[in-house]
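The values are calculated or read from the model by the stated rules, or taken from the named source; none is laboratory data. Note that this is a predicted model, so its numbers are computed, not measured. We place every Cβ from the backbone using ideal geometry, glycine too, and count neighbours over all the protein chains shown. Just so you know, the surface numbers come from the protein's heavy atoms only, side chains and all, with ligands and any DNA or RNA stripped out. Shrake-Rupley method; radii C 1.70, N 1.55, O 1.52, S 1.80 Å.
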Amino acid sequence: MKEEIYVHYHPEEHPFVDRVLDWLHNVSERHSYRLTDFLDPRQCEILLALSRRFDDIHVRLYGGYEGAERKRAAIAPSYRPIEDEDLQITALEMVSDDHRFSELDHRDVLGALIGLGIKRDKIGDIHLHPDVCHVLLCEEMSDFVRLHLHQVHRIKVSTQTLAPERLRVVEPRLDERVITVSSMRLDAIVSDLIRVSRAKALPMIRSGQCRVNWRLEEDPSSLLEEGDVLSIRGHGRFKVLAVEGTTRKGNIRVKIGKFV
């Protein structure tokens, strides 16, 4: 059975597929309940896809607020209501008197949390504002972080538990531009976005430096579509906003947004 499932997923994803199947089989056969740690969008997609193979279970995804990127999953027998299940997510508020706080970025905060020994899957979305940072965590980690997180990138901080209704969500900001490419192939778009030749883009893609919709993509000829999110290691994350038609020479105008 697993071999039939594996063909739909990249080899890198097979260990996670195994974990999900174990979760689903345990819930189905033992009539148990499973609450996962935070999953990224691709992992959520895999979980939902595999759960459809089981008629006797259902899944709820939630990340602490509507529209969250990283989410915890509740997996339960279909007869057990989970719509109002507590997914045990805590929001923490991080503040500082240091004026340099506004210079911190997402990586600084994530690095400080992981530096405490916290696994990435215990951390949900991070919303960093110039004056405050709000972090979603698995509930069991909140006290630990409040007691031990005193510094982020040499800046002293303090943390306290945040009421859910006070959560300030950072709306994604996109730096938009229009590029002109010969096709919607991944290598053509990567080449234009990071300003390298297609010959240099090819090994980058084949060596696993690109993800499309959080899925590792190693095929340079794969086609991108409107709405796709492209991550290029070391260069950031981009979204295909619109295909705006063709030029007189037959090239394609594409509106791209870079997450900033």
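Scanning the range 221-260 for residues that are aliphatic (A, V, I, L, M), buried (at least 16 other Cβ atoms within 10 Å of the Cβ) and in contact (Cβ under 8 Å) with a residue 60 or more places away in the chain yields Leu241, Ile252, Val254, Ile256. For Ser158, the criteria (1) crowded, with 18+ Cβ neighbours inside 10 Å; (2) of a type outside the set (Asp, Glu); (3) in contact (Cβ under 8 Å) with a residue 60 or more places away in the chain hold in every case but one, which is (1). Residues of the range 97-108 that are open to solvent by less than 30 Å² (accessible area, probe 1.4 Å) and not in a helix (DSSP H, G or I): Leu104 alone. Return yes when Gly117 is touching a residue at least 24 places away in the same chain (Cβ under 8 Å) and among the small types (Gly, Ala, Ser) and no when it is not. Criteria not met by Gly117.
Looking across Ile82, Ile118, Ile114, one residue alone is under 24 Å from Arg168 (Cβ atoms) and assigned to a loop (DSSP other than H, G, I, E, B). It is Ile118.
Yes/no matrix, rows are residues, columns are (1) within 21 Å of Asn213 (Cα to Cα); (2) without any contact (Cβ under 8 Å) to a residue 60 or more places away in the chain; (3) open to solvent by 20 Å² or more (accessible area, probe 1.4 Å):
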site	(1), (2), (3)
Pro11	yes, yes, yes
Pro15	yes, yes, yes
Ser32	no, yes, yes
Arg60	yes, yes, yes
Gly63	yes, no, no
Glu83	no, yes, yes
Asp86	no, yes, yes
Met94	no, no, no
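For the range 142-152, a residue qualifies if it is more than 16 Å from Pro164 (Cβ to Cβ) and surrounded by 19 or more Cβ atoms within 10 Å (Cβ to Cβ), and the qualifying residues are Val145, Leu149, Val152. Could you list, in sequence order, the residues of the range 172-220 that are of a type in the set (A, V, I, L, M, F, W, C), assigned to a strand (DSSP E or B) and loosely packed, with under 15 Cβ neighbours inside 10 Å? Within the range 172-220, Val178 is the sole residue that qualifies.
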